[in-house]
Amino acid sequence: MVPHYPTKRSALVPTLLYAQDEVGYLSDEVIREIAGRLEVTELEVRNVISYYSMLTTKPRGRYNVQVCTNISCMIRGGEQILGHCAKQLGIQNKQTTSDGMFSLEEVECIGACSWAPAAQVNYDFHENLTPEKMDGILAAYRKKGTQ
Ligand code: FES
């Protein structure tokens, strides 16, 4: 990553994303390793992590269900979708199912306002959601996760 950026520090966010995808979360060990490689302090790395909601220092489920409840989605039922996911998964916002399959997160705008209500699961977008459509999406991930 480093040669693609003008300074080592500029590679911090993409490096954190790659590491998170590989390890599952940004553990103390990962933070220490990245700080060393990019020649920044661990505190600087932690400050960046705390700024970006997509970065986490806590383990998440295999599928991180992020439901948008920002204005466009709220008007078109985003809060209902979030509540439905919570009920179906048996967890609340920022929690992970006991089998480690799903995490649930309420998020701000994910840039899919024209197709509200919308959700993002890992890197996949799901739009024009209804509770029934969400059931199918969760079932598909559950099936994929158990194969
Ligand atoms: S408000 Fe939900 S995607 Fe923009």
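The values are calculated or read from the model by the stated rules, or taken from the named source; none is laboratory data. Small disclaimer: the values here were computed from a predicted structure and weren't measured. Cβ coordinates were reconstructed from backbone atoms using ideal geometry, including for glycine residues, and neighbour counts include every protein chain displayed. Areas reflect the complete protein model, heavy atoms only, side chains present, ligands, DNA and RNA absent. Shrake-Rupley method; radii C 1.70, N 1.55, O 1.52, S 1.80 Å.
List of remarks:
- Residue 10 being open to solvent by less than 90 Å² (accessible area, probe 1.4 Å) and without any contact (Cβ under 8 Å) to a residue 12 or more places away in the chain: yes
- Candidates 104, 55, 38, 26: the one that is open to solvent by less than 20 Å² (accessible area, probe 1.4 Å), hydrophobic (A, V, I, L, M, F, W, C) and modelled with pLDDT under 95 is 55.
- Number of positions in the range 88-147 that are farther than 20 Å from residue 52 by Cα, within 14 Å of the ligand (Cβ to nearest atom) and part of a loop (DSSP other than H, G, I, E, B): 5
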